[in-house]
Structure formats: C-alpha cells, structure tokens
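To keep things clear, I will list the structure first and then write my remarks on it.
The values are calculated or read from the model by the stated rules, or taken from the named source; none is laboratory data. Since we're looking at a predicted model, the values are computed, not measured. Here the Cβ positions follow ideal geometry from the backbone for every residue, glycine too, while neighbour counts run over all protein chains shown. Side chains are part of the model used for accessible areas, which takes the heavy atoms of the whole protein and leaves out ligands, DNA and RNA. Shrake-Rupley method; radii C 1.70, N 1.55, O 1.52, S 1.80 Å.
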Amino acid sequence: MDLIPSTTSANVRRDAPSVAVLPVGSFEQHGDYMPLATDTIVASAIAASVAARYNALLLPAVPLSCSHEHSGWPGTVSISHHTLAYLVTDVAQSLERQGISRLVIINGHGGNYVLSNVAQVANADKSSSMSLFPSRNDWDSARRLAGLESNAHEDMHAGELEVSILLSCRPDAVDDGALAADHSANERPFLPVHGMGAYTKSGVIGRPSLANAIKGDALLRSLTDAFAYHLQALGVTDATRS
C-alpha cells in the first residue's frame, strides 16, 4: 500500500470529484512490535479502499496528530490540537477554492478529539460540508461483521482491530512478537491525567493475538460500505465509480 497517492491533475480534471477524503493518522508508540505510523497506515488503508469505490479525491495522509497520552514512549511525536484543527480547516478551504466543497476526515487515532469540533464548526459555517469517519457506530458495525472477539473498550490500542488491518494491508509491518503482546486494562479512569503509561508498560491495551488478515479484509469492506451513508449525509449522490 502506497501512503502517497499518485493522482495527477489530469485525473482530477477527468473525475471532477465533489468530495475529498483526508486520512489523519499519528506517529505514536504501538508497543514494541508495530510501527509508530500504525494509525497513519490504518487511516490510509481505509481512505484508499473508499477512494477506489467512490469518486472521491484521495489526499495524502496527515502523519502527525494529538498523541500526548503516549508521550512517555520513545519516538512518539505530537502536534497541538490547535495545529491539527488549523491544518484540516486550511485543507478544506483550499479544496473549496477549486470547487471540491465537501471533505471527509478519515481518522485513525482515537485521541484526535478536536476533529469532532472541526467538523461541527465547518458544518455550522456551511451545511453538510464535512464529515468525520468512521463514526463509533461504523467501527462497532465493522467489528461485528468482521467477527472480532474483543470490543472497542477492551481493544483500545495495538490490539485485535489494528493488527488485523495491518495484517490485511501491510503484513510486513507487523513483527511476530505482536501476536503475543496481549494486555488487559479495562479500568482507565484517569487516562487524560496520567496517560497510557499508567495502564500499560508495553504500550498495548488489547488482544492482538486474536488478529488475522481475514478480519482485516472484512473490516475494510464493512467500513467502505458504511462510507456511502456519510456521502448521503453530505448530499453526494451517484458517487460510486463505474
């Protein structure tokens, strides 16, 4: 999977998309056996699957975001929520100036709370102009349809879901030790106060041992199906590629 789209201006001129998809990932620890770029890979995989089915402009991923809860681990890099909000807003305004009036943010990192506010402000300024995907319901439905055994709360980070998607799209990025790194921490009452380090030494909260590529394929299919409802919410019709 190529994280950088090879789209040309001629492609955009021909397809004339009315909506763009912006993957937002992170550069943060995912235990000792998964890449710091895991969230960026996951968001990019979802976005690529979506753009292959629907007439949407696939943008390159934002690889840094709000990972402050992981700051105790080497390699983790964060930007402020202000910076992330400004960046996404600037992207939307740039697209608007060329006639692409709708943007779907494909968020791969649960700590990017500010993206909900960005979408709310955008839609207050211009109705049905921005959506945040996948929603909690989209993830829950995808988990169910893919047969995941863990739920979203217990499978918080570097667990069954994320490892399954990586095994589907980038199996080379998952070291063998990832499948033996299960760690449970279902009680995390002060995560915003103390960060991840208070609840896990390895950086993992979840059950990566349950992951496999078949589940990853099913997760991506389900999410790609669910994207159609976000297009409908934005008033985009007949967006399926022929």
Exercise for the section: Residue by residue through the range 97-120, note down the ones that are free of Cβ contacts under 8 Å to residues at least 12 places away in the same chain, assigned to a helix (DSSP H, G or I) and not basic (Lys, Arg). Expected result: 120
Problem - Residue satisfying condition, being among the hydrophobic types (A, V, I, L, M, F, W, C), at pLDDT 95 or above and under 27 Å from residue 234 (Cβ atoms), within set 190, 133 - result: 133
Handout entry: For residue 60: the one exception among (1) at pLDDT 95 or above; (2) over 16 Å from the mean Cα position of the chain (by Cα)
Key = (2)
Handout entry: Selection count where residues are of a type in the set (A, V, I, L, M, F, W, C) and under 25 Å from residue 163 (Cα atoms), scope the range 84-113
Key = 3
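Within the range 72-89, take every residue that is assigned to a loop (DSSP other than H, G, I, E, B) and modelled with pLDDT of 95 or more and give me the one that is most open to solvent (accessible area, probe 1.4 Å).
74
Rundown of residues vs (1) touching a Phe, Trp or Tyr at 6+ places or on another chain (Cβ under 8 Å); (2) among the small types (Gly, Ala, Ser); (3) at pLDDT 95 or above, yes/no style:
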position	(1), (2), (3)
185	yes, yes, yes
194	no, no, yes
210	no, no, yes
215	no, no, yes
220	no, no, yes
230	yes, no, yes
238	no, no, no
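Has the range 90-101 got at least one residue that is under 21 Å from residue 62 (Cα atoms) and crowded, with 22+ Cβ neighbours inside 10 Å?
yes
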Problem - Pair list, Cβ < 6 Å and 6+ apart or interchain, from the range 185-198 residues that are within 22 Å of residue 150 (Cβ to Cβ) to residues that are among the β-branched types (Val, Ile, Thr) and surrounded by 15 or more Cβ atoms within 10 Å (Cβ to Cβ) - result: 185/200; 185/205
Problem - Residue under evaluation residue 127, criteria (1) open to solvent by 50 Å² or more (accessible area, probe 1.4 Å); (2) in contact with a strand residue (DSSP E or B) (Cβ under 9 Å, 6 or more places away or on another chain); (3) over 27 Å from residue 185 (Cβ atoms), criterion not met - result: (2)
Fill in the blank from the handout: Being under 23 Å from residue 142 (Cα atoms) and open to solvent by 70 Å² or more (accessible area, probe 1.4 Å) narrows 37, 45, 56, 52 down to just 52
Exercise for the section: Can you work out which of the residues in the range 60-71 that are farther than 7 Å from residue 27 by Cα, outside any helix (DSSP H, G or I) and not polar (S, T, N, Q) is most open to solvent (accessible area, probe 1.4 Å)? Expected result: 60
Completion exercise
Residues of the range 169-180 being closer than 13 Å to residue 31 by Cα and either among the aliphatic types (A, V, I, L, M) or surrounded by 17 or more Cβ atoms within 10 Å (Cβ to Cβ) (or both), in sequence order, are 173, 174, 178, 179, 180
Exercise for the section: For the range 199-213, name all the residues that are aliphatic (A, V, I, L, M) and either without any contact (Cβ under 8 Å) to a residue 40 or more places away in the chain or buried (at least 22 other Cβ atoms within 10 Å of the Cβ) (or both). Expected result: 204, 205, 211
Practice task
Go through the residues of the range 24-32 one by one and say whether even a single one is surrounded by fewer than 24 Cβ atoms within 10 Å (Cβ to Cβ), modelled with pLDDT of 95 or more and assigned to a strand (DSSP E or B).
Solution key: yes
Practice task
Look at the range 140-168 and say how many of its residues are open to solvent by 50 Å² or more (accessible area, probe 1.4 Å) and in contact (Cβ under 8 Å) with a residue 40 or more places away in the chain.
Solution key: 4
